[in-house]
Amino acid sequence: QVQLVESGGGLVQPGGSLTLSCAASGTLSWIYVTNWYRQAPGKERELVATITGDGNSNYTDSVKGRFTASRDAAKDTVYLQMHSLKPEDTAVYYCNGDLWDYGKKGRFTYWGQGTQVTVSS
């Protein structure tokens, strides 16, 4: 069994910063790709950032230069540093991990439960 748990969300003023964490635990042996998605009320879920197992990252245009994804392989944890936050960044943020589950002997995708980020004055 594999679990992904996000943390670090909260209320922040415009221009502020937050760092989200996505910690994986359980029967995993390698994380190939971790994606960060967000979903604002009334909108579709949007891919925000991707980081591969070897540390390469990509970002949607609206967050480039403001968000940075990183990973700590020893802790099976991926981070999303968010700076210069805007009200339009308000959403529930989810992490999604494409990983090897040795318990199930296969490659699977798991989702976290989400963490709320609210950018408001």
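The values are calculated or read from the model by the stated rules, or taken from the named source; none is laboratory data. Worth saying up front: this structure is predicted, and the values here are computed from it rather than measured. Cβ: placed from backbone, ideal geometry, glycine included. Neighbour counts: every protein chain shown. Keep in mind that these areas ignore ligands, DNA and RNA; they rest on the heavy atoms of the full protein, side chains included. Shrake-Rupley method; radii C 1.70, N 1.55, O 1.52, S 1.80 Å.
Points worth noting:
- Scan the stretch 55-94 for residues that are part of a helix (DSSP H, G or I) and hydroxyl-bearing (Ser, Thr, Tyr) and the total you get is 1.
- In the stretch 74-88, the condition of being closer than 21 Å to GLY10 by Cβ, under 14 Å from the mean Cα position of the chain (by Cα), open to solvent by 50 Å² or more (accessible area, probe 1.4 Å) and of a type in the set (Asp, Glu) is met by no residue.
- The stretch 24-54, residues that are outside any strand (DSSP E or B), open to solvent by 40 Å² or more (accessible area, probe 1.4 Å) and among the small types (Gly, Ala, Ser): GLY42
- Checking VAL63 against (1) more than 18 Å from VAL117 (Cα to Cα); (2) open to solvent by less than 40 Å² (accessible area, probe 1.4 Å), the condition it does not meet: (1)
- In the stretch 96-121, the residues that are in a strand (DSSP E or B) and within 18 Å of THR27 (Cβ to Cβ): ASN96, GLY97, ASP98, LEU99, TRP100, ASP101, GLY106, ARG107, PHE108, THR109, TYR110, TRP111
- Screening the stretch 101-114 for residues that are open to solvent by 20 Å² or more (accessible area, probe 1.4 Å) and within 18 Å of the chain's Cα centre (by Cα) and picking the one that is farthest from MET82 (Cα to Cα) gives PHE108.
- Scanning the stretch 1-11 for residues that are within 17 Å of TRP36 (Cβ to Cβ), open to solvent by 20 Å² or more (accessible area, probe 1.4 Å) and either hydrophobic (A, V, I, L, M, F, W, C) or assigned to a loop (DSSP other than H, G, I, E, B) (or both) yields VAL5, GLY8, GLY9.
- Applying the condition of being hydrophobic (A, V, I, L, M, F, W, C) and more than 11 Å from the chain's Cα centre (by Cα) to the stretch 12-23 and asking which residue is surrounded by the fewest Cβ atoms within 10 Å (Cβ to Cβ) yields VAL12.
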